[in-house]
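In what follows, a single structure is set out as structure tokens and then discussed.
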Amino acid sequence: MKAFKIPESVLVVIYTPAREVLLIERADNPGFWQSVTGSRETPDEPLAQTALREVFEETGIAGKFNVLADWAVSNTYEIYPAWRGRYPPGVTHNTEHVFGLCVPSRMPIILDPREHTAFEWLPWLEAADRCFSPSNAEAVLMLSRILLQRGD
């Protein structure tokens, strides 16, 4: 039997210096586009480690070539009823921690077809419009402000 998911996850906005954002389409919900997301494997797994693991598992991008940044934003949201069976009984909410990952340019992406069926690199505003999750769209919209604060 598969273990329940931990209701604490990461969302990683992967982007280029030109503010192109990578989105991937969910296999279980065609038309649902998102950034990389995933839950902690153990309650004590560092969130940055969760983020880099999920990026590699979902895209094939290895963290050593990139710069991961904790955007110090957390969102708590209700888990879609269709996905609650993945969590322990009675769990209805998840806390998501937002990270950004800058890659030098558009990179080849290796998808796991059981999880995602397509990917696109989009200008950041177009990417925000494409996201099915409101918290994901908000994270993508934060990109410009984050880069301005860093002087990029």
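Before moving on, here are some points about what is shown:
- Selection within the range 96-152 - surrounded by fewer than 18 Cβ atoms within 10 Å (Cβ to Cβ), among the acidic types (D, E), more than 15 Å from F32 (Cα to Cα) and modelled with pLDDT of 95 or more: E138
- Among residues of the range 95-113 that are touching a residue at least 60 places away in the same chain (Cβ under 8 Å), those with a beta-carbon under 6 Å from a residue that is outside any loop (DSSP other than H, G, I, E, B) and open to solvent by 90 Å² or more (accessible area, probe 1.4 Å) at least six positions away or on a different chain give the pairs T95/T76; F99/D70; C102/V67.
- V91 meets the conditions (1) more than 24 Å from T42 (Cα to Cα); (2) surrounded by fewer than 18 Cβ atoms within 10 Å (Cβ to Cβ) in every case but one. The failed one is (1).
- When D44 is tested against (1) at pLDDT 95 or above; (2) within 26 Å of Y15 (Cβ to Cβ), only condition (2) is not met.
- In the range 58-71, the residues that are open to solvent by 30 Å² or more (accessible area, probe 1.4 Å) and either under 16 Å from A128 (Cβ atoms) or in contact with a strand residue (DSSP E or B) (Cβ under 8 Å, 6 or more places away or on another chain) (or both): V67, L68, D70
For (1) of a type in the set (K, R); (2) touching a strand residue (DSSP E or B) at 6+ places or on another chain (Cβ under 8 Å); (3) within 19 Å of I110 (Cα to Cα), each residue gets a yes or a no:
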site: F4; (1), (2), (3): no, no, no
site: P17; (1), (2), (3): no, yes, no
site: L22; (1), (2), (3): no, yes, yes
site: S35; (1), (2), (3): no, yes, yes
site: Q49; (1), (2), (3): no, no, no
site: F56; (1), (2), (3): no, no, yes
site: S74; (1), (2), (3): no, yes, no
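- Conditions (1) surrounded by 15 or more Cβ atoms within 10 Å (Cβ to Cβ); (2) touching a residue at least 40 places away in the same chain (Cβ under 8 Å); number of the one not met by R40: (2)
The values are calculated or read from the model by the stated rules, or taken from the named source; none is laboratory data. From a predicted model like this one, the values you see are computed outputs, not experimental measurements. As a convention, Cβ positions derive from the backbone with ideal geometry for all residues, glycine included, and neighbour counts pool all protein chains shown. For the accessible areas, the whole protein counts, side chains as well, though only heavy atoms, and no ligand, DNA or RNA atoms are used. Shrake-Rupley method; radii C 1.70, N 1.55, O 1.52, S 1.80 Å.
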